[in-house]
Amino acid sequence: MIERRAIGIIDSGVGGLTVAREVMRQLPHEEIIYFGDNARCPYGSRTAEEIRTFTNQMIQFLLQYSMKALVIACNTATAVVLDEVREQLDLPVIGVIEPGVRAAISASRTGRIGIIGTETTIRTGAYQRALKREKPDLYTVGLACPPFVPLVEHFMLQTDEAQKIVAETLAPMQAEDVDTLILGCTHYPLLAPLIQQAMGSHITLINSADETAKELGALLSAQGILAPDEGGRAPRHRFFTSGEEEIFRQIGESWLGRPLELERRELEPLYLG
Ligand code: DGL
């Protein structure tokens, strides 16, 4: 039987597209089914209970489709519910924190690693714990950057205003003398040029998408469920958003460089809280 089940990818909005792009690049025969909860983005300032409820709703939605693995392409949801979701689902589930941690440790020369992310991701200390578990003598410092996700969701990636906001928000991190900075939110790679400019070209930025796609590929291959090359047949990728289709399409098509098969779907009940 040909393996045609899809890879499910979820995020609070367009951030998970940074992971989807890497999955498309590294695993070009895999189908993707993506849900972005743009209507309730940002998750980063929400309670753990809201993040749990919303994440479960996205997963329930995707379970209507035939899915062979799930990527929680949202650091905030990974930090709060990854373990629970793994216990509940009878599918391999990958988060984005462990892959980012591995990439940062292999990139850092000085052992001074910064993490930027949403308020929730930084507050949970999930990155700091995972980094220290791997290498106890690291110096780690976290900084929450709440203005960044709205910049991405409104597609303000190249404006002077965005540049000013990014530089001001990162000022405390610039003072920390780190050599490696983890983009601990999947939205942030879309702001990478501005973040690099603010931090300086000597700082290595870590985008966990690359490592996450590698881990996914290794897992599918170990389980013998990689999609085969069907003579150049392009896999179908489907995208769903709970928010406005037009802005999702603009960001998605520019980031992925292809037209999107996209539909708007509300998740019930839609708490806007
Ligand atoms: N993209 C998400 C993350 O990686 C969440 C951003 C948000 O909704 O606050 O944390």
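The values are calculated or read from the model by the stated rules, or taken from the named source; none is laboratory data. Quick caveat: nothing in here was measured; it's all calculated off a predicted structure. Please note: Cβ atoms are built from the backbone with ideal geometry, for glycine as well, and neighbour counts cover all protein chains shown. Calculation scope for accessible area: heavy atoms of the full protein, side chains included, ligands and nucleic acids excluded. Shrake-Rupley method; radii C 1.70, N 1.55, O 1.52, S 1.80 Å.
All of 171, 167, 192, 198 fail the test of being farther than 24 Å from residue 245 by Cβ and within 16 Å of the ligand (Cβ to nearest atom), apart from 192.
Of all residues in region 211-223, which are in contact with a helix residue (DSSP H, G or I) (Cβ under 8 Å, 6 or more places away or on another chain) and open to solvent by less than 60 Å² (accessible area, probe 1.4 Å)? Answer for region 211-223, where residues must be in contact with a helix residue (DSSP H, G or I) (Cβ under 8 Å, 6 or more places away or on another chain) and open to solvent by less than 60 Å² (accessible area, probe 1.4 Å): 211, 212, 213, 215, 216, 217.
Against the definition (within 15 Å of the ligand (Cβ to nearest atom), touching a residue at least 60 places away in the same chain (Cβ under 8 Å), touching a strand residue (DSSP E or B) at 6+ places or on another chain (Cβ under 9 Å) and under 18 Å from residue 78 (Cβ atoms)), how does residue 100 come out, yes or no? When the stated conditions are applied, residue 100 passes them. Pairing residues of region 59-78 that are open to solvent by 10 Å² or more (accessible area, probe 1.4 Å) and more than 12 Å from the ligand (Cβ to nearest atom) with residues that are among the aliphatic types (A, V, I, L, M) and not in a helix (DSSP H, G or I), at Cβ distances under 6 Å and at least 6 apart in sequence or on separate chains, gives 65/33; 67/6. One residue stands out among those in region 183-238 that are among the aliphatic types (A, V, I, L, M) and outside any helix (DSSP H, G or I): the one that is farthest from residue 91 (Cα to Cα), which is 203.
Might you let me know whether region 156-163 holds any residue that is more than 18 Å from the chain's Cα centre (by Cα) and small (Gly, Ala, Ser)? Yes - at least one qualifying residue is present in region 156-163.
The set of residues in region 85-136 being open to solvent by 40 Å² or more (accessible area, probe 1.4 Å) and under 14 Å from the mean Cα position of the chain (by Cα) consists of 98 alone. Determine whether region 7-15 contains at least one residue that is more than 17 Å from residue 79 (Cβ to Cβ), touching a Leu at 6+ places or on another chain (Cβ under 9 Å), open to solvent by 10 Å² or more (accessible area, probe 1.4 Å) and at pLDDT 95 or above. Scanning region 7-15 turns up no residue that is more than 17 Å from residue 79 (Cβ to Cβ), touching a Leu at 6+ places or on another chain (Cβ under 9 Å), open to solvent by 10 Å² or more (accessible area, probe 1.4 Å) and at pLDDT 95 or above. Taking the criterion of being crowded, with 22+ Cβ neighbours inside 10 Å and either within 23 Å of residue 17 (Cα to Cα) or not polar (S, T, N, Q) (or both), would at least one residue in region 192-203 satisfy it? Yes, the conditions are met somewhere in region 192-203. Every condition in (1) away from the ligand (no atom under 16 Å from the Cβ); (2) open to solvent by less than 40 Å² (accessible area, probe 1.4 Å); (3) touching a Lys or Arg at 6+ places or on another chain (Cβ under 7 Å); (4) not small (Gly, Ala, Ser) is met by residue 139 except one, and the failing one is (2). Since residue 27 meets every condition but one in (1) in contact (Cβ under 8 Å) with a residue 40 or more places away in the chain; (2) more than 17 Å from residue 226 (Cβ to Cβ); (3) of a type outside the set (Gly, Ala, Ser); (4) more than 16 Å from the ligand (Cβ to nearest atom), which condition does it not meet? The one condition residue 27 does not meet is (2). For region 224-238, does any single residue satisfy the condition of being in contact with a strand residue (DSSP E or B) (Cβ under 6 Å, 6 or more places away or on another chain) and farther than 22 Å from residue 99 by Cβ? Yes: one or more hits. Please tell me if residue 44 is within 14 Å of the ligand (Cβ to nearest atom), open to solvent by less than 30 Å² (accessible area, probe 1.4 Å) and at pLDDT below 95. In short, yes.
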